[in-house]
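Asker: The structure under discussion is supplied below as structure tokens; questions concerning it will follow.
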There are 2 protein chains.
Amino acid sequence: MATRQQVAERAGVSVAVVSYVLNNRKIVKEETRRKVLEAIRELGYRPNQTARSLKTKQTRQIAVLIHYIGNPFEAGLLLHIEATAKRHGYFIFVQTYEPAREEELRAMLIGRVDGVLLLGHALAAESLDDFRALGIPVVSAMQPADGAADASTDGTAGGTTGEAGLPSIDVDWQPAMRRLIRHLREQGHTRIAFMTDATPGSPLGVRAAAFASALGDEGLTPATSPLDGGGRFERARETLDDRLATQPAPAFTALVCANDLMAAGCLAACRDRGRRVPQELAIAGCEDILMSSQTDPPLTAIHYPRQAAGEQAMEMLLAAIAKTPIAGARLPGELIVRGSTSIR
Amino acid sequence: MATRQQVAERAGVSVAVVSYVLNNRKIVKEETRRKVLEAIRELGYRPNQTARSLKTKQTRQIAVLIHYIGNPFEAGLLLHIEATAKRHGYFIFVQTYEPAREEELRAMLIGRVDGVLLLGHALAAESLDDFRALGIPVVSAMQPADGAADASTDGTAGGTTGEAGLPSIDVDWQPAMRRLIRHLREQGHTRIAFMTDATPGSPLGVRAAAFASALGDEGLTPATSPLDGGGRFERARETLDDRLATQPAPAFTALVCANDLMAAGCLAACRDRGRRVPQELAIAGCEDILMSSQTDPPLTAIHYPRQAAGEQAMEMLLAAIAKTPIAGARLPGELIVRGSTSIR
DNA sequence: TTGTAGGCGTTATCAT
DNA sequence: ATGATAACGCCTACAA
């Protein structure tokens with residue numbers, strides 16, 4: 001690979017001049033400029049990004065910590081996160097986040113990224129401290145699990161920062177959940193259960209909390225303790241299948257799932273067990289991925305505005321990197337009613 | 001951020017010793033080693049990856065060029081690509097590949113990655129030359145579109161390198177397509193159409209070619225020229241909807257789609273138009289994503305072994321980076337028969 | 001066993 | 001308008 005030094009020699013100038021040309025400084029004599037450009041072309045020279053980063057102390061690289069990229073919801077978020085980053089000249093690292101290897105991950109990230117974008121993970125306090133000390137901003141798309149109680153922090157509805165002080169973008173779950181619950185009541189349901197991912201620190205914890213709270217607001221109590229669907233299709237399917245097998249008449253007539261993948265899994269379980277949806281069991285999800293519109297019956301879901309969330313989360317991170325004041329946001333989650341909760 | 005220099009001072013040694021400790025060289029006296037480790041801990045020192053890369057000329061970063069991450073199939077591949085990379089201590093850049101900005105992308109990549117993993121894109125020859133000159137290996141998961149004719153290159157069935165000389169992992173499409181076509185014949189179909197993404201350089205081109213060829217092998221001719229579904233759900237839905245609207249009795253009774261997203265879109269179009277599947281039109285896909293098993297009716301599809309493909313593609317790239325001889329591979333594509341082509 | 005010093009390819013300051 | 005040159009943080013002969 002040709003270096004700037006070589007370009008300089010070939011053009012018969014100093015390295016500084018090459019830099020001037022590269023940075024489009026207008027102080028260079030036109031003829032010199034031509035010579036330099038010529039040399040660059042001949043040598044096929046490209047500035048080395050690593051060297052540049054070392055000097056400028058910015059990498060224009062960002063880490064996005066994913067939970068499970070096999071979930072089309074997260075992939076959809078990533079789509080817009082990446083597009084926004086690219087638009088600003090940033091590169092995206094995708095890392096599947098494993099809590100057990102957080103230490104290791106942190107070490108790998110040092111000096112490699114200008115910022116970190118979480119997808120609702122609860123990062124260890126030490127990690128947060130570490131990043132703060134290094135001046136690496138961390139923001140989150142989806143409110144981190146630990147920040148569930150942050151409404152009290154700033155007094156605004158829902159709040160936009162978690163306990164850990166991370167700005168985040170997320171759906172304003174509580175009102176959305178209330179709309180969903182009201183819809184279910186209209187369909188005659190009062191015994192409503194929730195399925196979540198019970199793993200500590202799961203991004204779905206926030207939704208579970210919002211559901212519980214919204215249920216209370218609507219004057220209901222949970223029909224049963226939350227089911228654990230592990231956040232994935234197969235786990236959810238098995239969990240509900242177990243329930244249906246052991247309880248001929250389950251304690252609930254409607255089931256809200258913290259994500260669509262689990263809702264689809266529950267639909268499959270009902271099919272396997274011959275339970276009619278929504279007649280015997282109504283099912284709803286929380287993201288409205290493409291798949292949800294194509295299942296049999298199609299799934300009712302709270303729509304998660306992925307484009308807005310992905311873009312805003314990245315803009316927020318970029319602003320933080322640029323040391324500009326930033327604030328999180330809560331987006332409205334529209335209720336999409338389909339056949340899994342409504343007959344007509 | 002603490003530097004190695006500071007650690008050295010604090011431990012009362014030279015910078016070299018710190019390096020020795022960091023790289024686990026056993027030449028350091030145990031006591032010195034302890035002191036250094038202590039200093040590292042106290043200062044919270046982490047080696048700067050950028051500086052290290054500049055010196056060692058390897059970044060342990062790899063770029064993965066994605067077509068459309070919104071497609072669960074690509075996301076599924078990425079899942080295993082990323083896991084494999086991580087296992088080997090490599091980081092993954094995800095970049096949505098835009099042909100129009102290839103030049104720009106190339107420049108951004110210089111000095112930033114040790115290798116490039118394509119997802120079946122046809123890269124410009126100059127890019128390939130560029131990477132070759134830089135010693136940056138390029139491999140592809142999914143056979144690049146331009147390599148469709150490479151069977152003649154090495155004489156083996158299907159071949160494993162494209163025209164551009166890129167090693168690739170892919171399903172062995174032709175036998176898989178033949179199985180699918182035979183299945184459709186058994187269901188009484190002889191007028192079989194194909195839907196693809198007609199964009200030049202699309203990764204789906206290979207599948208289209210394999211279908212055409214397999215159709216001939218089975219003694220059939222295409223029922224119509226390939227439909228263009230753009231590779232996505234909505235485009236496919238619109239394309240088929242147009243057909244169904246203008247042709248009361250379409251020229252085909254079965255439709256094979258180059259990916260599942262398009263197949264699902266076609267299913268939706270049939271539902272919109274009140275065409276029964278499979279009675280009036282049989283539909284099949286080519287990847288077997290989760291969604292395909294949950295549609296109404298569920299979709300027949302050629303199963304693409306994503307885990308094997310993702311892992312092998314990354315292993316291949318890693319081997320190339322390590323300057324080890326490498327070879328592509330063709331994986332078997334199992335036919336999964338479901339309700340969209342079969343009634344019972 | 002430990003220290004010195006010369007790069008790696010840029011950027012940017014300060015002369016000229 | 002252009003040229004020298006000192007960092008940036010790390011690696012690694014080579015010396016001591």
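The values are calculated or read from the model by the stated rules, or taken from the named source; none is laboratory data. Given the structure is predicted, the values throughout are model-derived calculations rather than measurements. Here the Cβ is made from the backbone with ideal geometry for all residues, glycine too, and neighbour counts use every protein chain on show. Side chains included, ligands, DNA and RNA excluded: accessible areas come from the protein's heavy atoms. Shrake-Rupley method; radii C 1.70, N 1.55, O 1.52, S 1.80 Å.
Asker: Give the residues of the range A:15-31 that are within 8 Å of DNA strand C (Cβ to nearest atom) and more than 14 Å from chain B (Cβ to nearest Cβ), sorted by residue number. It would help to see each step written out before you state the result.
Answerer: Keep residues of the range A:15-31 that are within 8 Å of DNA strand C (Cβ to nearest atom), which gives A:15-16, A:18-19, A:22-23.
Those that are within 8 Å of DNA strand C (Cβ to nearest atom) and more than 14 Å from chain B (Cβ to nearest Cβ): A:Val15, A:Ala16, A:Val18, A:Ser19, A:Asn23.
Asker: Could we say that B:Gly76 is more than 16 Å from DNA strand C (Cβ to nearest atom), open to solvent by less than 80 Å² (accessible area, probe 1.4 Å), more than 17 Å from the chain's Cα centre (by Cα) and of a type in the set (Gly, Ala, Ser) here?
Answerer: Working: more than 16 Å from DNA strand C (Cβ to nearest atom): yes; open to solvent by less than 80 Å² (accessible area, probe 1.4 Å): yes; more than 17 Å from the chain's Cα centre (by Cα): no; of a type in the set (Gly, Ala, Ser): yes.
Taking the combined requirement at face value, the residue does not satisfy it.
Asker: Give B:Pro278, B:Pro250 a once-over and let me know the one that is touching a helix residue (DSSP H, G or I) at 6+ places or on another chain (Cβ under 8 Å) and in a loop (DSSP other than H, G, I, E, B). Steps first, please.
Answerer: Details: B:Pro278 fails: touching a helix residue (DSSP H, G or I) at 6+ places or on another chain (Cβ under 8 Å).
So the residue among B:Pro278, B:Pro250 that is touching a helix residue (DSSP H, G or I) at 6+ places or on another chain (Cβ under 8 Å) and in a loop (DSSP other than H, G, I, E, B) is B:Pro250.
Asker: Do we have B:Lys29 as more than 25 Å from B:Ala313 (Cβ to Cβ), modelled with pLDDT under 95 and within 16 Å of DNA strand D (Cβ to nearest atom) here?
Answerer: Working: more than 25 Å from B:Ala313 (Cβ to Cβ): yes; modelled with pLDDT under 95: yes; within 16 Å of DNA strand D (Cβ to nearest atom): yes.
So B:Lys29 fits the description; yes.
Asker: Could you please find all residues in the range B:2-12 being within 12 Å of DNA strand C (Cβ to nearest atom) and open to solvent by less than 30 Å² (accessible area, probe 1.4 Å)?
Answerer: The answer is B:Val7, B:Ala8, B:Ala11.
Asker: A further question on this structure: Does the range A:1-53 hold any residues that are of a type in the set (Gly, Ala, Ser) and over 26 Å from B:Arg112 (Cβ atoms), and which are they?
Answerer: First, the residues of the range A:1-53 that are of a type in the set (Gly, Ala, Ser): A:2, A:8, A:11-12, A:14, A:16, A:19, A:39, A:44, A:51, A:53.
Within the range A:1-53, A:Gly12, A:Ser14 meet the criteria.
Asker: Right, next: Being without any contact (Cβ under 8 Å) to a residue 60 or more places away in the chain and touching a His at 6+ places or on another chain (Cβ under 7 Å) narrows it down to one of B:Asp272, B:Asp288, so name that one.
Answerer: Criteria check complete, one pass: B:Asp288.
Asker: Taking the conditions exactly as written (touching a residue at least 12 places away in the same chain (Cβ under 8 Å), within 12 Å of DNA strand C (Cβ to nearest atom), more than 10 Å from every other protein chain (Cβ to nearest Cβ) and more than 40 Å from the chain's Cα centre (by Cα)), does B:Lys35 satisfy them or not? Full working, then the answer.
Answerer: Working: touching a residue at least 12 places away in the same chain (Cβ under 8 Å): yes; within 12 Å of DNA strand C (Cβ to nearest atom): yes; more than 10 Å from every other protein chain (Cβ to nearest Cβ): yes; more than 40 Å from the chain's Cα centre (by Cα): yes.
It is true that B:Lys35 is touching a residue at least 12 places away in the same chain (Cβ under 8 Å), within 12 Å of DNA strand C (Cβ to nearest atom), more than 10 Å from every other protein chain (Cβ to nearest Cβ) and more than 40 Å from the chain's Cα centre (by Cα).
Asker: Could you go through the range B:38-57 and let me know if any residue there is within 32 Å of the chain's Cα centre (by Cα), away from DNA strand D (no atom under 12 Å from the Cβ), open to solvent by less than 60 Å² (accessible area, probe 1.4 Å) and closer than 30 Å to B:Gly120 by Cβ.
Answerer: First pass over the range B:38-57, keeping only residues within 32 Å of the chain's Cα centre (by Cα): B:48-57.
Remaining after also requiring away from DNA strand D (no atom under 12 Å from the Cβ): none.
The answer is no, given that none of the residues of the range B:38-57 is within 32 Å of the chain's Cα centre (by Cα), away from DNA strand D (no atom under 12 Å from the Cβ), open to solvent by less than 60 Å² (accessible area, probe 1.4 Å) and closer than 30 Å to B:Gly120 by Cβ.
Asker: In the range B:86-122, which residues are out of contact with any Pro (no Cβ under 7 Å at 6 or more places or on another chain), open to solvent by less than 20 Å² (accessible area, probe 1.4 Å) and aliphatic (A, V, I, L, M)?
Answerer: Correct list: B:Ile92, B:Val94, B:Leu109, B:Ile110, B:Val113, B:Val116, B:Leu117.
Asker: Please determine, by comparing only the residues of the range B:88-131 that are small (Gly, Ala, Ser) and not in a loop (DSSP other than H, G, I, E, B), which one is nearest to the other protein chains (Cβ to nearest Cβ). Show your work before the answer.
Answerer: Start the filter on the range B:88-131 by keeping residues that are small (Gly, Ala, Ser), which leaves B:89, B:100, B:107, B:111, B:115, B:120, B:122, B:124-125, B:127.
Filter again for not in a loop (DSSP other than H, G, I, E, B), leaving B:100, B:107, B:115, B:125, B:127.
Values: B:Ala100: 13, B:Ala107: 6, B:Gly115: 15, B:Ala125: 14, B:Ser127: 12 Å.
Step by step, filter the range B:88-131, then rank; the result is B:Ala107.
Asker: From the list B:His67, B:His80, exactly one residue is within 30 Å of B:Ala258 (Cα to Cα), more than 11 Å from every other protein chain (Cβ to nearest Cβ) and either more than 12 Å from DNA strand D (Cβ to nearest atom) or touching a residue at least 60 places away in the same chain (Cβ under 8 Å) (or both). Which is it? Break it down into steps so the answer makes sense when it comes.
Answerer: Working: B:His80 fails: more than 11 Å from every other protein chain (Cβ to nearest Cβ).
After ruling out the rest, the residue left standing is B:His67.
Asker: Residues to consider are B:Asp296, B:Asp242, B:Asp260; find the one that is within 14 Å of chain A (Cβ to nearest Cβ) and open to solvent by 40 Å² or more (accessible area, probe 1.4 Å). Let's see the steps before the verdict.
Answerer: Numbers: B:Asp242 fails: within 14 Å of chain A (Cβ to nearest Cβ); B:Asp260 fails: open to solvent by 40 Å² or more (accessible area, probe 1.4 Å).
It is B:Asp296.
Asker: If I filter the range A:57-65 for residues that are over 17 Å from A:Ala141 (Cα atoms), of a type in the set (Lys, Arg), within 11 Å of DNA strand C (Cβ to nearest atom) and in a loop (DSSP other than H, G, I, E, B), do I get at least one hit? Write out each step before concluding.
Answerer: Pass one, the range A:57-65, residues over 17 Å from A:Ala141 (Cα atoms): A:57-61.
Remaining after also requiring of a type in the set (Lys, Arg): A:57, A:60.
Then drop every residue that is not within 11 Å of DNA strand C (Cβ to nearest atom), which leaves A:57.
Filter once more, keeping what is in a loop (DSSP other than H, G, I, E, B): A:57.
Yes, that holds for at least one residue.
Asker: Another question, if that's okay. What is the residue count in the range A:299-341 for residues that are more than 14 Å from chain B (Cβ to nearest Cβ), under 22 Å from A:Ala75 (Cβ atoms) and assigned to a helix (DSSP H, G or I)?
Answerer: Number satisfying all stated conditions: 9.
Asker: Is it the case that the range B:187-195 has a residue that's out of contact with any Lys or Arg (no Cβ under 8 Å at 6 or more places or on another chain), part of a helix (DSSP H, G or I) and open to solvent by less than 10 Å² (accessible area, probe 1.4 Å)?
Answerer: First pass over the range B:187-195, keeping only residues out of contact with any Lys or Arg (no Cβ under 8 Å at 6 or more places or on another chain): B:187-195.
If we keep only those that are part of a helix (DSSP H, G or I) as well, we get none.
There is no residue in the range B:187-195 that is out of contact with any Lys or Arg (no Cβ under 8 Å at 6 or more places or on another chain), part of a helix (DSSP H, G or I) and open to solvent by less than 10 Å² (accessible area, probe 1.4 Å).
Asker: Just the residues that are open to solvent by less than 30 Å² (accessible area, probe 1.4 Å) and more than 23 Å from B:Leu54 (Cα to Cα), please, taken from the range A:18-31.
Answerer: Those that are open to solvent by less than 30 Å² (accessible area, probe 1.4 Å) and more than 23 Å from B:Leu54 (Cα to Cα): A:Val21, A:Val28.
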